[in-house]
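Novice: This is the structure I want to talk about, given as structure tokens.
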Amino acid sequence: MQISTVNFMLGATSIKQVPSDGIPQLAFLGRSNAGKSSLMNALLGKTIVKTSGTPGKTREINFFLAENSLGNAFYFVDLPGVGYAKVSITMRDDMAERIKNYVEKARDLKGVVYLVDIRHGGHKIDFETINGIKNSGIPILLIASKADKLNQGEFIAAKKKLKENFGLPELPLATSAKTKKGIPELWEEINELLCF
Ligand SMILES: Nc1nc2c(ncn2[C@@H]2O[C@H](COP(=O)(O)OP(=O)(O)O)[C@@H](O)[C@H]2O)c(=O)[nH]1
Ligand SMILES: [Mg+2]
């Protein structure tokens, strides 16, 4: 997918600030450090979303407005990482609530790309978060991130494990922001979710 423009629009701190302008939104969710920002940059072909060695930093819901070469506009939404251990439980609960609130109330949200580090197989917080937003009816696309971190044998085993752990109908798509593995395939899925 060719992206012609992308701009940071706003960092929302409350649901009232979330755009509801009819432009479809795709949100990225997962634990801190799962590779959300890096994957968004890889998809957009541009370093616009801040990546960080300091997990748990994103507190706002960040909206990036992009347009593809066919003239379709869409938002990529960078949600705060879930379950980061080094912030207070109150802060964690607060962020979990904000995420849930966004997923349930955002009228133009078309799907959630949920990242799980391919090496980790899923943590308790991943299952909890996914269960927490399932009822919203928003499609959730589980992605195995950082695929370049495993060799071929480990890679196949890890995808099977994720399928089992999350009860997926098929093996998850694995991506790497580093090698760009899986990026064209992920764009196909995204275009379908955004109805492009
Ligand atoms: N090797 C490798 N490292 C990655 C990949 N994606 C992200 N990272 C690294 O993982 C760390 C966290 O990435 P980031 O995108 O900020 O994660 P976020 O907290 O989920 O937004 C950074 O040091 C990234 O460079 C990937 O596909 N491959
Ligand atoms: Mg990030």
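Novice: Kindly indicate whether any position in the range 73-89 is of a type in the set (G, A, S), on the phi > 0 side of the Ramachandran plot and in contact (Cβ under 8 Å) with a residue 40 or more places away in the chain. Spell out the reasoning first.
Specialist: Initial filter on the range 73-89 (of a type in the set (G, A, S)): 73, 81, 83, 85, 88.
Pick out the ones that are also on the phi > 0 side of the Ramachandran plot and you get 83.
Next cut, in contact (Cβ under 8 Å) with a residue 40 or more places away in the chain only: 83.
Yes, there is a match, as at least one residue in the range 73-89 is of a type in the set (G, A, S), on the phi > 0 side of the Ramachandran plot and in contact (Cβ under 8 Å) with a residue 40 or more places away in the chain.
Novice: Give me a count of the residues in the range 124-154 that are assigned to a strand (DSSP E or B) and farther than 18 Å from R107 by Cα.
Specialist: Number of matching residues: 5.
Novice: Scanning the range 173-196 for residues that are under 14 Å from S145 (Cβ atoms) and either under 14 Å from the mean Cα position of the chain (by Cα) or part of a helix (DSSP H, G or I) (or both), which turns out nearest to ligand 2 (Cβ to nearest atom)? Before the answer, list the steps.
Specialist: To start, the set of residues in the range 173-196 that are under 14 Å from S145 (Cβ atoms) comprises 173-183, 185-186.
So of that shortlist, the ones also either under 14 Å from the mean Cα position of the chain (by Cα) or part of a helix (DSSP H, G or I) (or both) come out as 173-177, 183, 185-186.
Values: L173: 20, A174: 19, T175: 15, S176: 16, A177: 11, I183: 17, E185: 22, L186: 17 Å.
Here the residue is A177.
Novice: Further, regarding this structure: Which one of the conditions (1) over 17 Å from T13 (Cβ atoms); (2) under 12 Å from the mean Cα position of the chain (by Cα) does H123 fail to meet, given that it meets all the rest?
Specialist: Of the numbered conditions (1) over 17 Å from T13 (Cβ atoms); (2) under 12 Å from the mean Cα position of the chain (by Cα), the odd one out for H123 is (2).
Novice: Every residue in the range 6-19 that is open to solvent by 50 Å² or more (accessible area, probe 1.4 Å) and assigned to a loop (DSSP other than H, G, I, E, B), please.
Specialist: If the condition is that a residue be open to solvent by 50 Å² or more (accessible area, probe 1.4 Å) and assigned to a loop (DSSP other than H, G, I, E, B), then T13 is the only one that fits.
The values are calculated or read from the model by the stated rules, or taken from the named source; none is laboratory data. Remember, it's a predicted structure, so these values are computed and weren't measured experimentally. With ideal geometry, Cβ positions are generated from the backbone for all residues, glycine too; neighbour counts draw on all protein chains shown. Heads up: the accessible areas ignore ligands, DNA and RNA and are worked out on the full protein's heavy atoms, side chains in. Shrake-Rupley method; radii C 1.70, N 1.55, O 1.52, S 1.80 Å.
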